[in-house]
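The values are calculated or read from the model by the stated rules, or taken from the named source; none is laboratory data. Small disclaimer: the values here were computed from a predicted structure and weren't measured. Cβ placement follows ideal geometry from the backbone for every residue including glycine, while neighbour counts extend to all protein chains displayed. We work out accessible area using only protein heavy atoms, side chains counted, and drop any ligands, DNA or RNA first. Shrake-Rupley method; radii C 1.70, N 1.55, O 1.52, S 1.80 Å.
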Amino acid sequence: AATLSRSFSTIPDTMNALILREDGLRLERVPVPTLSYGEALVRMEAAALNRRDYWITKGKYPNIKFGGVLGSDGCGTVVNVEKADNSLIGKQVVINPTLGWKHVTPTPNFDAFSILGMEKGTFAEYLAVDASHLHPKPPHLTAHLAAAFPLAGVTAYRALTTRGRVMTGQDVLVTGIGSGVALMCLQFARCLGANVYVTSSSDEKLAQAQELGAVGGFRYDDPKWPKATKSKVPLGFDLIVDGAGGPGFAKLPKLVKGGGKIVCYGATAGAVDNFELAWVFLNQLEILGTSMGSDQEFREMLQLVEKHELEPVIDNIESLANFAVQFERMKGGGFGKLVLNIPH
């Protein structure tokens with residue numbers, strides 16, 4: 001075992017980690033990763049699931065590699081560095097999982113860009129990662145709360161700001177409330193001064209969203225829901241943020257005011273049918289895609305979280321050994337993030 005100064009006396013040689021095998025995820029004992037130049041070793045305290053992890057386990061994600069550790073979101077304490085800032089040792093950090101995208105640009109450099117959680121990830125007791133991707137944990141958050149923000153948080157922040165250009169006083173519609181990104185869009189947009197409305201197929205979720213500050217909500221399984229929005233926002237929404245796509249996406253352009261925007265970050269409901277393109281060009285609408293975000297946007301997102309002392313909505317916390325419970329919960333539509341506690 002390696003020896004460390006300060007309060008961390010030893011680092012074990014092996015660790016528990018969730019390894020992706022061809023027959024699924026397995027909790028295995030594997031070597032603690034060794035550090036390369038500029039990397040830090042983080043003793044993980046908590047990690048959070050994303051739908052990306054679920055799709056990887058189902059074989060429905062590009063460039064799947066077996067034998068690696070899953071997990072993009074996490075929070076822990078730095079216990080060692082290799083040719084990096086020694087002052088990081090002992091600090092609690094949040095990990096930015098979007099690798100190779102430093103500054104705000106229209107797209108990352110796809111040759112250099114990757115997402116944490118395929119070959120190495122946060123679903124383990126230790127993680128070796130470039131020290132430049134570590135950010136101080138907001139002091140008002142526990143490790144479990146901080147672990148829930150990274151991927152969903154930076155996705156929501158970029159969708160609203162860089163892409164959606166949201167402004168104070170605007171009317172914003174967030175579809176499919178309950179997912180991590182949608183809930184963070186609601187929380188962030190409120191902090192940025194917008195009036196936020198949401199959709200769901202659940203009265204309970206609509207009520208929960210209003211407790212979080214949503215102005216109103218609509219049942220998207222009611223065929224008349226688009227008409228119902230007109231009584232609340234007669235001119236239409238300035239911005240709609242959608243992660244579902246599918247047949248419902250075709251209704252969205254008619255709900256946006258002239259010159260407004262639709263930002264889409266996912267397509268969990270599949271392909272879009274019967275889309276009336278004329279409505280887009282005649283009303284000067286913008287349809288914008290977004291995915292993850294840069295290190296700069298990640299840092300700005302954490303600053304917003306810290307300034308407003310935001311806490312993510314947590315649906316459930318389980319230990320790393322009970323990972324199967326969380327992946328099963330992800331099948332259903334929960335309300336908030338699914339977190340793994342990583343004991344040592």
>> For segment 260-282, give me each residue that is open to solvent by 40 Å² or more (accessible area, probe 1.4 Å) and under 22 Å from Lys232 (Cα atoms).
In response: Trp279
> Could we say that Thr105 is among the hydroxyl-bearing types (Ser, Thr, Tyr) and open to solvent by less than 10 Å² (accessible area, probe 1.4 Å) here?
Replying inline: no
> Name the residues in segment 10-32 that are at pLDDT below 95, open to solvent by less than 70 Å² (accessible area, probe 1.4 Å) and farther than 22 Å from Val325 by Cα, would you?
Replying inline: Ile11, Pro12
> Given the residues Leu285, Leu320, which is the only one that is aliphatic (A, V, I, L, M), open to solvent by less than 40 Å² (accessible area, probe 1.4 Å) and either without any contact (Cβ under 8 Å) to a residue 60 or more places away in the chain or on the phi > 0 side of the Ramachandran plot (or both)?
Replying inline: Leu285
>> Looking only at residues that are aliphatic (A, V, I, L, M) and surrounded by fewer than 20 Cβ atoms within 10 Å (Cβ to Cβ) in segment 207-222, which one is nearest to Val174 (Cα to Cα)?
In response: Val215
>> For Val69, only one of the following conditions fails: (1) under 18 Å from Arg299 (Cβ atoms); (2) among the β-branched types (Val, Ile, Thr); (3) touching a Gly at 6+ places or on another chain (Cβ under 6 Å). What is its number?
In response: (1)
> In segment 205-230, how many are without any contact (Cβ under 8 Å) to a residue 40 or more places away in the chain and not in a loop (DSSP other than H, G, I, E, B)?
Replying inline: 13
>> Anything in segment 216-253 that is at pLDDT 95 or above, among the aliphatic types (A, V, I, L, M) and within 25 Å of Leu151 (Cβ to Cβ)? List them, or say none.
In response: Leu239, Ile240, Val241, Leu252
> Does segment 285-344 hold any residues that are closer than 30 Å to Asn109 by Cβ and in contact with a His (Cβ under 8 Å, 6 or more places away or on another chain), and which are they?
Replying inline: Ser294, Asp295, Gln296, Phe298, Arg299, Leu302, Glu306
>> Among the residues that make up segment 289-311, is at least one of them more than 23 Å from Tyr157 (Cα to Cα) and among the aromatic types (Phe, Trp, Tyr)?
In response: no
>> Please list, ordered by residue number, the strands (runs of 3 or more DSSP E) wholly in segment 236-316 having 3 or more residues that are within 26 Å of Arg219 (Cα to Cα), hydrophobic (A, V, I, L, M, F, W, C) and in contact with a strand residue (DSSP E or B) (Cβ under 9 Å, 6 or more places away or on another chain).
In response: 237-242, 256-264
> Only one of Tyr37, Tyr61 is surrounded by fewer than 15 Cβ atoms within 10 Å (Cβ to Cβ) and within 18 Å of the chain's Cα centre (by Cα); which?
Replying inline: Tyr61
> Listed residues Ala124, Ala147, Ala84, Ala131; which is buried (at least 19 other Cβ atoms within 10 Å of the Cβ), under 16 Å from the mean Cα position of the chain (by Cα) and of a type in the set (A, V, I, L, M)?
Replying inline: Ala147
>> Looking for something open to solvent by less than 30 Å² (accessible area, probe 1.4 Å), β-branched (Val, Ile, Thr) and part of a helix (DSSP H, G or I) - is there at least one such residue anywhere in segment 178-188?
In response: yes
>> Being under 18 Å from Asp13 (Cα atoms) and either open to solvent by less than 10 Å² (accessible area, probe 1.4 Å) or small (Gly, Ala, Ser) (or both) is the filter here; which residues of segment 40-58 pass it?
In response: Ala40, Leu41, Val42, Met44
> Which of (1) open to solvent by less than 50 Å² (accessible area, probe 1.4 Å); (2) at pLDDT 95 or above; (3) farther than 23 Å from Pro343 by Cβ is the odd one out, the single condition Phe66 does not satisfy?
Replying inline: (1)
